[in-house]
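Take a look at the structure set out below.
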Ligand SMILES: [Zn+2]
């Protein structure tokens, strides 16, 4: 059936996407949160909101990116003076310690692995 053929192709594409995700060197830190992108693609539950789609590639609302494209004067975080990136906001910014602990607990439970690392060396 034509429909089945189409679905077969879709699975292959998703596996390729996963392979790129696992082996790529861009935004390595996001893989600490999302190890398998497949459930995110075409999932029926939950929502990927504006902030999620902005922070995953590190675009949009972060000053380091906005500064790079000429839309902000200062690339650094107003609190700590470090580069205002998505990674900084999620893992380092002092403003959200309670939220960060909650997130870490959820991620640890879901991954069963505190020491997960992506394949590429940290920058
Ligand atoms: Zn900061």
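If I take R0 = 22 Å and measure r between the Cβ atoms of residue 105 and residue 18 in this structure, what FRET efficiency does the formula 1/(1 + (r/R0)^6) give, to the nearest 0.05? It would help to have the intermediate numbers written out before the result.
Numbers: r = 26 Å, r/R0 = 1.16.
E(calc), rounded to 0.05, equals 0.30.
Where does each of 100, 68 land when they are ranked from fewest to most other beta-carbon atoms within 10 angstrom?
The fewest-first ordering by Cβ neighbours comes to 68, 100.
A short reminder: the numbers here are calculations on the coordinates, not readings from a lab. What you see is a predicted model, and the numbers here were worked out from it, not measured in a lab. Positions of Cβ are backbone-derived with ideal geometry, glycine not excepted, and every protein chain shown enters the neighbour counts.
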